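Peer 1: Handing you a structure now.
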Amino acid sequence: QRGTRRNARSGERRTRSSSRRDYRRALGTMSIRGVYQLMRLELKYCDHSGSSRHLRNFLENHLKTLREEWSHLDITTTVRRGRHPHVTGTYRNGRQKTVDLKNKEEEKIRYHLNFLFTEKGRKSNTKLPGSRRITDTPSIQGRWRPGMWDTPTKSAGAAS
């Protein structure tokens, strides 16, 4: 059949579109129509605090290779004394995303940088509008019931 391939390991048939989709998923969604969306990475850290020690090691060991790998990015490092480390990514649409790097190991720092690189800079859709809050502790005021705010009627047994 045209448009199908066999997977060498499992022998299952796959269409071209599914293999392309898997390749893109492994590569990461880094561009829209071939244009990279992340324009700038700004790494801010303190030169003497303990919360920045892993980021300082990462910059010493991997900054050069990171700049070669992502040559289209403007990667800047800024020393901010007495502040916790973080990275800010600026995207083509003007949005910025900031990720805290306080006490993160070097592989976690790489993970977060890759996260910013593979994002498109769009607004997050994590909160659904109109979603109800579920709680184990009910309201102190009590639960709502129909007719709760109606004016109380005089009971038949009460004498005026």
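The values are calculated or read from the model by the stated rules, or taken from the named source; none is laboratory data. Note that the coordinates shown come from a computational prediction; the quantities given were computed from them, not determined experimentally. Don't worry about glycine lacking a Cβ; one is built from the backbone with ideal geometry, like all the others, and counts go over all protein chains shown. Please note that ligands, DNA and RNA were not included when accessible areas were found on the heavy atoms of the full protein model with its side chains. Shrake-Rupley method; radii C 1.70, N 1.55, O 1.52, S 1.80 Å.
Peer 1: Return the pair list, or none, for Cβ contacts closer than 7 Å from residues in segment 70-92 that are farther than 17 Å from Arg53 by Cβ to residues that are among the hydroxyl-bearing types (Ser, Thr, Tyr), at least 6 apart or on different chains.
Peer 2: Short answer, once both residue conditions are applied: His72/Tyr36; Thr88/Thr98.
Peer 1: In this structure, does Val87 turn out to be modelled with pLDDT of 95 or more, in contact with a His (Cβ under 9 Å, 6 or more places away or on another chain) and of a type outside the set (D, E, K, R)?
Peer 2: Spelling it out, Val87 is indeed modelled with pLDDT of 95 or more, in contact with a His (Cβ under 9 Å, 6 or more places away or on another chain) and of a type outside the set (D, E, K, R).
Peer 1: Looking only at segment 108-141, filter to residues that are small (Gly, Ala, Ser) and within 30 Å of Glu42 (Cβ to Cβ); which one of those is modelled with the lowest pLDDT?
Peer 2: That would be Ser124.
Peer 1: Listed residues Arg81, Arg56; which is among the basic types (Lys, Arg) and open to solvent by 60 Å² or more (accessible area, probe 1.4 Å)?
Peer 2: On inspection, the qualifying residue turns out to be Arg81.
Peer 1: Let me ask something else about it. Under 8 Å between Cβ atoms, which residue pairs at least 6 apart in sequence (or on different chains) link something in segment 109-124 that is in contact (Cβ under 8 Å) with a residue 40 or more places away in the chain and under 15 Å from Glu69 (Cα atoms) with a partner that is among the polar types (S, T, N, Q) and open to solvent by 80 Å² or more (accessible area, probe 1.4 Å)?
Peer 2: Once the first residue is in contact (Cβ under 8 Å) with a residue 40 or more places away in the chain and under 15 Å from Glu69 (Cα atoms) and sits in segment 109-124, no partner that is among the polar types (S, T, N, Q) and open to solvent by 80 Å² or more (accessible area, probe 1.4 Å) comes close enough.
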